[in-house]
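Trainee: Take this structure first; my questions come after.
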Amino acid sequence: MTIKVNDATGEFHLYNEKVSYIFRILEKSSQLEHLYYGMKIKHRDSFKHFIEREVRPSCNMFEGDHTSSLEHIKQEYPSFGTTDYRSPAHLITDGIGSHITNFQFESYQIIQGKPRLANLPATYVENEDEAETLEITLKDDVLKSKLILSYTIYTEHNVICRNARFTNSGDDAFYLNNAMSASVDLPDDRYEMIHLYGAWAREAHVEVQKLSKGIQSIYSARGASSHAHNPFLALKRPEATEHQGEVYGFSLIYSGNFLGQVEVDTYGVSRVQMGINPFQFQWKLHPGETFQTPECVMVYSDEGLNGMSQTYHRLYRSRLARGEWRDKVRPILINNWEATYFNFNEDKVLEIAETAKDLGIELFVLDDGWFGERHDDSSSLGDWFANKEKLPQGIKGLSEKVEALGMKFGLWFEPEMVSKDTKLFHDHPDWIISTPGRRASHGRNQFILDFSRDEVVDHIFTLIDDVISDSKISYIKWDMNRYITEAYSAGLEADRQGEVYHRYILGVYRLYERLIEEYPHILFESCAGGGARFDPGMLYYAPQAWASDDTDAVERLKIQYGTSIVYPLSSIGSHVSAVPNHQVGRMTPIESRANVAYFGTFGYELDVTRMEDDEKEKVMQQVAFFKEKRSLIRNSDFYRLLNPFESNEVSWMVVSEDKKEAIVGYYKVLAKPNDKYYRLKLKGLDPDKLYLIEDSGSTHYGDELMNVGIILGEDFTDRASDYWQKEKSGDFSSKLFVLKEIEPSNNN
Ligand code: DGJ
């Protein structure tokens, strides 16, 4: 990768083998003009010929100059009020109440590698030659302040990472009302916008809408990235498909309130912006202080949506996730939530653990209900000590017993919450987020601790530390089950209340950082009532996340398909649960439940002690299968083949990097009588390799599998009567095809 600068013309060109990003310094105003972002183009000394300037009846910056309207100049980090009327990338209120800014180029530096972001999750490098970072320093002489725009380009990953940093170098405080992480003016509007929307138990549904003039946006104002929208959007050409065509992806590494927006102006320019949601945000920047925005990861793909997803998968798997668990295969776990809910005791959970151990399962996770007087969801959050009636020897005793079985032990916490009947609330009633004189709304009977305050975070660290330092804990599920209301912190002055949401999430990150530093061997799984915080920010601390409380195999097809648009399989928490399913009441075969859950971290969430022997036998086989294939599944390239939002048949597959192995999941939601012929075309294989499809024993070259496809029907030639005897698969059926390269024999 390279960053080329032409000092004479003030042009910057960042490129690697796939992508180019070009901008320049405007001669008169010294602001930054965006010139191009997309497929890599050859470097030239100057790209000035990309400049477009027409004379239009607009306001212009300079007298006598009719082509200096910022409304018609594509920009890097636009402001409002000095001839541009579109949505700005930043907004400041200064000491005299003005919003006008004029950040002008001052200097630049090129840094080998990628600097860390202070107190925020971000992608990183392990060696300096993996990436290069361009930092542009701009200054506003009236505000006496600096703005640093940072652009990182990786060699191996087809991404540009952006963030912005404001420093108050003046004598007076000012307020930041908006500070986007990235803003890009794309020259036309012939795109569809894709994003992931949802609600509890139906997260990450894929929404595709044609761009229209004006602003279209996704956002969160809930204090978490939320079930409703994921901090991600993509623009794709209408003709682009899963596997070909132009797509631009924008993903924000942040877990709090965010905004992702596209404004199509009246001249057809599409301004894409992503960052902290400016609604309810105001940050007071005192002299000498700096504000750092989160990072936005932009991916350009000319290989369709799937190409974009694969780029995010590789980057987030290897250069966002961190720590011991980043590259390790994850244990197959059993979680007691759907098996017992709050109703368990030590005997019961040990019985589950013991049975699970016999089936080959490696980690037992004790979910909600082990502490205080927690017998339902109305109490005890914050009393992080074991209920001795349920667990006479506490977490220490239980964890030792589980380890003695030859299993690892994991534990559930909801660190950010408090119930009113607890010692924690009794001692610190002012530690909840609430507005003085106003009612404090509850969510699931619980209240949110004010994580914007360091003393609160430190206290919770101590409480959790007391439990885990004393016990044998290998895994923690960190849950978060309600959104913020009446946002107000007793720890902040009146004119700093706009900082609460962001400071809150910084507090969450701080607690995570302390815990993973102290306990690097513990595997963290993030969770927020399912997938309400399934975002890149969380992946920096917890390499896997519970994708949804909906464990129904059919619902999971959509949820996992949508989640895979951005997130790698290694991060997608997916379990086999009981039938009738607890969220929708559906009966699905255990084979299909596993065939869906394999494409994630894989585990179980049911009472194995109540299973019949034949079902246990199946679980044992599934566990053995996953152990054999889990490295392949987590490290491979993922291809989405058939879309659950569009068809009754769903399919996806993984292909190993060397293309020697692949696993295909095929799912048919409803059975159909006298149905059409089905051929399933695969992707990503080596056309010249010969593959054996295990079980069926048939062999095919990659070119055949990708162009003709797997013929899903059987051949009943000369055995027509068999057809009528054949058992029908019923609804919710599925098949798994395991492919392996073999040496061609003479007949091939
Ligand atoms: C919500 C989570 O998503 C569930 O898996 C479970 O942990 C419950 N909370 C426990 O209260």
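The values are calculated or read from the model by the stated rules, or taken from the named source; none is laboratory data. Only a predicted model underlies this, so the values are computations on that prediction, with no experimental measurement involved. Quick reminder, even Gly has a Cβ in these numbers, built from the backbone with ideal geometry, and neighbours come from all protein chains shown. All accessible areas refer to the heavy atoms of the entire protein, side chains included, with ligands and DNA or RNA removed. Shrake-Rupley method; radii C 1.70, N 1.55, O 1.52, S 1.80 Å.
Trainee: List the residue pairs whose Cβ atoms are under 9 Å apart, where the first residue sits in segment 472-483 and is touching a residue at least 40 places away in the same chain (Cβ under 8 Å) and away from the ligand (no atom under 14 Å from the Cβ), the second is part of a loop (DSSP other than H, G, I, E, B) and open to solvent by 30 Å² or more (accessible area, probe 1.4 Å), and the two are 6 or more positions apart or on different chains.
Mentor: Between residues of segment 472-483 that are touching a residue at least 40 places away in the same chain (Cβ under 8 Å) and away from the ligand (no atom under 14 Å from the Cβ) and residues that are part of a loop (DSSP other than H, G, I, E, B) and open to solvent by 30 Å² or more (accessible area, probe 1.4 Å), the close pairs are I473/Y519; S474/H521.
Trainee: Taking segment 208-219, which residues are in contact with a Gly (Cβ under 9 Å, 6 or more places away or on another chain) and either without any contact (Cβ under 8 Å) to a residue 24 or more places away in the chain or assigned to a loop (DSSP other than H, G, I, E, B) (or both)?
Mentor: The answer is K213, and nothing else.
Yes/no matrix, rows are residues, columns are (1) under 30 Å from H286 (Cα atoms); (2) touching a Lys or Arg at 6+ places or on another chain (Cβ under 9 Å); (3) hydrophobic (A, V, I, L, M, F, W, C):
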{"residue": "G10", "(1), (2), (3)": "no, yes, no"}
{"residue": "Q31", "(1), (2), (3)": "yes, no, no"}
{"residue": "I51", "(1), (2), (3)": "no, yes, yes"}
{"residue": "S79", "(1), (2), (3)": "yes, no, no"}
{"residue": "I92", "(1), (2), (3)": "yes, no, yes"}
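Trainee: Would you be able to say whether some residue in segment 47-68 is within 17 Å of E132 (Cβ to Cβ), of a type outside the set (D, E), part of a loop (DSSP other than H, G, I, E, B) and open to solvent by 10 Å² or more (accessible area, probe 1.4 Å)?
Mentor: There is no residue in segment 47-68 that is within 17 Å of E132 (Cβ to Cβ), of a type outside the set (D, E), part of a loop (DSSP other than H, G, I, E, B) and open to solvent by 10 Å² or more (accessible area, probe 1.4 Å).
Trainee: Considering each residue of segment 716-747, count those that are over 44 Å from the mean Cα position of the chain (by Cα) and surrounded by 10 or more Cβ atoms within 10 Å (Cβ to Cβ), and give that number.
Mentor: 3
Trainee: Can you say whether S380 is polar (S, T, N, Q), open to solvent by less than 60 Å² (accessible area, probe 1.4 Å) and in contact with an Asp or Glu (Cβ under 8 Å, 6 or more places away or on another chain), as far as the supplied structure shows?
Mentor: When the stated conditions are applied, S380 passes them.
Trainee: Could you please tell me which pairs satisfy a Cβ distance under 8 Å, a separation of 6+ or placement on different chains, a first residue in segment 429-449 that is modelled with pLDDT of 95 or more and open to solvent by less than 70 Å² (accessible area, probe 1.4 Å), and a second residue that is within 16 Å of the ligand (Cβ to nearest atom) and among the small types (G, A, S)?
Mentor: N445/S378; N445/S379; N445/S419; Q446/S419; F447/S419; L449/G382
Trainee: Only one of (1) in a strand (DSSP E or B); (2) open to solvent by 10 Å² or more (accessible area, probe 1.4 Å); (3) closer than 21 Å to G249 by Cα; (4) among the hydrophobic types (A, V, I, L, M, F, W, C) is not met by I41, so which one is it?
Mentor: If we test I41 against (1) in a strand (DSSP E or B); (2) open to solvent by 10 Å² or more (accessible area, probe 1.4 Å); (3) closer than 21 Å to G249 by Cα; (4) among the hydrophobic types (A, V, I, L, M, F, W, C), just (1) comes out false.
Trainee: Additional query: Could you tell me which numbered condition R86 fails, if it satisfies all but one of (1) surrounded by fewer than 21 Cβ atoms within 10 Å (Cβ to Cβ); (2) part of a strand (DSSP E or B); (3) touching a Lys or Arg at 6+ places or on another chain (Cβ under 6 Å)?
Mentor: (2)
Trainee: Could you list all residues from segment 404-449 that are closer than 26 Å to L363 by Cα, of a type in the set (G, A, S) and in a loop (DSSP other than H, G, I, E, B)?
Mentor: If the condition is that a residue be closer than 26 Å to L363 by Cα, of a type in the set (G, A, S) and in a loop (DSSP other than H, G, I, E, B), then G406 is the only one that fits.
Trainee: Test G256 against the stated conditions and say whether it is at pLDDT 95 or above, within 28 Å of A164 (Cβ to Cβ) and open to solvent by 50 Å² or more (accessible area, probe 1.4 Å).
Mentor: On the way: at pLDDT 95 or above: yes; within 28 Å of A164 (Cβ to Cβ): yes; open to solvent by 50 Å² or more (accessible area, probe 1.4 Å): no.
Criteria not met by G256.
Trainee: Looking only at segment 24-36, count how many residues are under 29 Å from the mean Cα position of the chain (by Cα) and open to solvent by less than 10 Å² (accessible area, probe 1.4 Å).
Mentor: 1
Trainee: Please determine, by comparing only the residues of segment 393-419 that are within 30 Å of A532 (Cα to Cα) and either without any contact (Cβ under 8 Å) to a residue 12 or more places away in the chain or among the small types (G, A, S) (or both), which one is surrounded by the fewest Cβ atoms within 10 Å (Cβ to Cβ).
Mentor: S419
Trainee: Which members of segment 134-163 meet the condition of being part of a loop (DSSP other than H, G, I, E, B) and of a type in the set (V, I, T)?
Mentor: V142, T155
Trainee: So, one more: Identify all residues within segment 545-563 that are touching a Gly at 6+ places or on another chain (Cβ under 9 Å), of a type in the set (S, T, N, Q) and over 15 Å from M480 (Cα atoms); write none if there are none.
Mentor: Q560, T563
Trainee: Under 28 Å from I96 (Cβ atoms), β-branched (V, I, T) and crowded, with 20+ Cβ neighbours inside 10 Å: does that describe I136? Steps first, answer last, please.
Mentor: On the way: under 28 Å from I96 (Cβ atoms): yes; β-branched (V, I, T): yes; crowded, with 20+ Cβ neighbours inside 10 Å: yes.
Yes.
Trainee: Quick check on N230: is it open to solvent by 10 Å² or more (accessible area, probe 1.4 Å) and either under 30 Å from S489 (Cα atoms) or not in a strand (DSSP E or B) (or both)?
Mentor: Details: open to solvent by 10 Å² or more (accessible area, probe 1.4 Å): yes; either under 30 Å from S489 (Cα atoms) or not in a strand (DSSP E or B) (or both): yes.
Answer is yes for this residue.
Trainee: Hey, another quick one. Name the residues in segment 340-356 that are under 21 Å from S574 (Cβ atoms) and either among the basic types (K, R) or crowded, with 23+ Cβ neighbours inside 10 Å (or both), would you?
Mentor: Once the filter is applied, which keeps residues that are under 21 Å from S574 (Cβ atoms) and either among the basic types (K, R) or crowded, with 23+ Cβ neighbours inside 10 Å (or both), segment 340-356 yields I352, A353, A356.
Trainee: Do we find that L35 is touching a residue at least 40 places away in the same chain (Cβ under 8 Å), under 22 Å from D188 (Cβ atoms) and of a type in the set (A, V, I, L, M) in this structure?
Mentor: no
Trainee: Need the failing condition index for S318 against (1) out of contact with any helix residue (DSSP H, G or I) (no Cβ under 9 Å at 6 or more places or on another chain); (2) within 16 Å of the ligand (Cβ to nearest atom), just the number.
Mentor: Condition (2) is where S318 drops out.
Trainee: A720 versus (1) in contact with a Pro (Cβ under 9 Å, 6 or more places away or on another chain); (2) over 30 Å from A553 (Cβ atoms); (3) of a type outside the set (K, R): which is the lone unmet condition?
Mentor: (1)
Trainee: Name the residue that is nearest to S318 (Cα to Cα), counting only residues in segment 568-583 that are over 10 Å from the mean Cα position of the chain (by Cα) and not in a loop (DSSP other than H, G, I, E, B).
Mentor: The qualifying residue nearest to S318 (Cα to Cα) is S570.
Trainee: Kindly evaluate T609 against the criterion of being closer than 22 Å to K668 by Cβ, of a type in the set (S, T, Y) and either away from the ligand (no atom under 16 Å from the Cβ) or more than 19 Å from the chain's Cα centre (by Cα) (or both).
Mentor: Against the criterion (closer than 22 Å to K668 by Cβ, of a type in the set (S, T, Y) and either away from the ligand (no atom under 16 Å from the Cβ) or more than 19 Å from the chain's Cα centre (by Cα) (or both)), T609 does not qualify.
Trainee: From F364, F371, which residue is surrounded by 23 or more Cβ atoms within 10 Å (Cβ to Cβ), within 16 Å of the ligand (Cβ to nearest atom) and more than 30 Å from D427 (Cα to Cα)?
Mentor: That would be F364, the only listed residue that is surrounded by 23 or more Cβ atoms within 10 Å (Cβ to Cβ), within 16 Å of the ligand (Cβ to nearest atom) and more than 30 Å from D427 (Cα to Cα).
Trainee: I'd like the full set of residues that are under 22 Å from K629 (Cα atoms) and near the ligand (Cβ under 10 Å from one of its atoms), limited to segment 546-578.
Mentor: Hits for segment 546-578 are W546, A547, T551, G573, H575.
Trainee: Something else about it: Kindly evaluate R586 against the criterion of being touching a strand residue (DSSP E or B) at 6+ places or on another chain (Cβ under 8 Å), touching a residue at least 60 places away in the same chain (Cβ under 8 Å) and not in a helix (DSSP H, G or I). If you could, list the steps in order and put the result at the bottom.
Mentor: Details: touching a strand residue (DSSP E or B) at 6+ places or on another chain (Cβ under 8 Å): no; touching a residue at least 60 places away in the same chain (Cβ under 8 Å): yes; not in a helix (DSSP H, G or I): yes.
When the stated conditions are applied, R586 does not pass them.
Trainee: Still on this structure, I have one more. Could you check segment 591-629 and list, in sequence order, the residues that are under 13 Å from V329 (Cβ atoms), touching a Phe, Trp or Tyr at 6+ places or on another chain (Cβ under 7 Å) and assigned to a helix (DSSP H, G or I)?
Mentor: Hit for segment 591-629 is F626, nothing else.
Trainee: Just checking, does segment 74-83 include any residue being open to solvent by 50 Å² or more (accessible area, probe 1.4 Å), part of a loop (DSSP other than H, G, I, E, B) and at pLDDT 95 or above? Break it down stepwise before answering.
Mentor: First pass over segment 74-83, keeping only residues open to solvent by 50 Å² or more (accessible area, probe 1.4 Å): 80.
From the residues that got through so far, the ones that are part of a loop (DSSP other than H, G, I, E, B) too are 80.
Adding the requirement that they be at pLDDT 95 or above leaves 80.
For segment 74-83, residues open to solvent by 50 Å² or more (accessible area, probe 1.4 Å), part of a loop (DSSP other than H, G, I, E, B) and at pLDDT 95 or above: present.
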